[in-house]
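Below: one structure, written as structure tokens.
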Amino acid sequence: MNRKPIFAANWKMNKGPSETEDFAKGFLPNVEHKTFPCDIVIAPPFVSLAKASEMFGNVSSVALAVQNCSQFDAGAYTGEISGLMLKEFFVHYVILGHSERRAIYGETDEFINAKVLKARELNLRPIFCIGETLEEREGGKLEEVLRRQVSVGLAGLEEKGLGDTVIAYEPVWAIGTGVTASAAQAQEAHAFVRSLIAEQFGADAAAKVRIQYGGSVKPGNAAELMACPDIDGALIGGAALEPSSFLGIIENGTA
Ligand code: PEP
């Protein structure tokens with residue numbers, strides 16, 4: 001199955017509008033008027049979306065994402081942003097269930113599921129994050145955790161909705177730590193996640209769904225990780241803050 005890899009920059013709580021403009025000035029000459037064998041996505045903070053859409057809105061090789069969105073459309077939800085509002089900013093993807101939101105903000109699988117379903121209703125493409133902590137891995141709970149995250153987080157999605165959803169497998173112990181899962185560890189987990197998708201949605205859907213790896217991906221390890229048969233791109237934090245390293249990952253990961 002030929003799946004188009006997807007490389008997504010998760011800027012987290014970094015880069016206001018002026019830093020977004022600086023990044024774009026460095027990144028644009030390398031991506032404008034070019035075609036890539038992969039999708040390239042940038043997820044700035046909400047306050048930088050207007051600047052990001054101004055800079056990238058007309059660049060066909062780059063799509064925008066947000067890092068979270070509400071499960072509701074509008075109303076008395078102080079501090080929240082709805083998917084409906086994001087439509088005005090050329091946003092196509094929404095990162096949901098990132099481990100930082102699960103761990104720091106207490107997001108449960110059920111809560112994330114409500115957001116996934118709302119995103120699909122609004123035709124936004126979820127980048128649905130899953131992954132185990134070190135304690136869970138060392139306690140032999142890897143498969144149990146991934147099974148729960150996938151079955152609850154994606155419950156109620158139709159096959160079409162799944163096709164427009166990207167899964168990001170991100171072992172929590174590898175995020176922002178400089179410790180990357182070995183290619184063998186990542187491939188094993190990705191193959192397992194694909195088998196879970198096959199159980200829940202059928203073999204055809206499983207063969208088509210894109211599963212990104214995330215966790216300390218850098219230009220130097222991208223090629224080895226992306227060579228694994230079940231790894232279809234990367235979700236990148238720290239190394240996507242600089243145009244040159246984000247580009248290095250894209251280039252090495254698609255070479
Ligand atoms: C992430 O935030 O999803 C991530 C993978 O971060 P980093 O690349 O910095 O490990």
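The values are calculated or read from the model by the stated rules, or taken from the named source; none is laboratory data. Computed from a prediction, not measured in an experiment: that's the story for all the values here. Positions of Cβ are backbone-derived with ideal geometry, glycine not excepted, and every protein chain shown enters the neighbour counts. Keep in mind that these areas ignore ligands, DNA and RNA; they rest on the heavy atoms of the full protein, side chains included. Shrake-Rupley method; radii C 1.70, N 1.55, O 1.52, S 1.80 Å.
Listed values, structure above:
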quantity: Residues of type lysines that residue 25 reaches as a straight line, Cα spacing below 16 Å, ignoring anything fewer than 8 places off in the same chain; calculated: 15, 34, 51
quantity: Carbon plus sulfur fraction of accessible area for the stretch 121-255, probe 1.4 Å, in percent; calculated: 52 percent
quantity: Aspartates and glutamates with Cα under 19 Å of residue 218, excluding same-chain neighbours fewer than 8 positions away; calculated: 39, 170, 230, 232, 242, 251
quantity: All lysines inside 18 Å of residue 115 as judged from Cα atoms, apart from same-chain residues fewer than 8 positions distant; calculated: 87, 160
quantity: Fluctuation leader among 222, 239, 155 - the chain, Gaussian network, Cα springs under 10 angstrom; calculated: 155
quantity: For residue 82, residues with placed amide H under 5 Å, excluding near neighbours; calculated: 70
quantity: Bins of 10 Å, starting at 0 and running to the largest distance - Cα pair percent for the chain; calculated: 7, 34, 39, 19, 2
quantity: Contour excess over end-to-end distance, with Cα ends at residue 2 and residue 84 and 0.36 nm allotted per residue; calculated: 26.3 nm
quantity: Zero-based 5 Å bins, Cα pair distances in the stretch 42-106, whole percents; calculated: 4, 17, 27, 23, 18, 9, 3, 0
quantity: Three principal axis lengths of the stretch 159-255 [C-alpha, angstrom, descending]; calculated: 38, 22, 21
quantity: Dipole-positive endmost among 93, 111, 64 within the stretch 56-111 (Cβ charges, Cα centre); calculated: 64
quantity: DSSP bridge orientation in the chain - percent antiparallel, rounded to nearest 5; calculated: 0 percent
quantity: Top of 184, 227, 76 by mean-square fluctuation, Gaussian network on the chain, Cα under 10 Å; calculated: 76
quantity: Residue-averaged [θ]222 nm for the chain, counting only DSSP H segments that reach four residues, each worth -39500 (n - 2.57); calculated: -13000 deg cm²/dmol
quantity: Histogram of C-alpha separations across the stretch 1-118, 10 Å bin width, %; calculated: 13, 42, 33, 12, 1
quantity: Accessible surface of residue 90 - all protein chains present, 1.4 Å probe, nearest 10 Å²; calculated: 110 Å²
quantity: Derived scalar couplings ³J(HN,Hα) [the stretch 219-230; Karplus, 6.51 cos²θ - 1.76 cosθ + 1.60; whole Hz; x for Gly, Pro]; calculated: x, x, 10, 5, 4, 5, 5, 6, 6, 6, x, 9
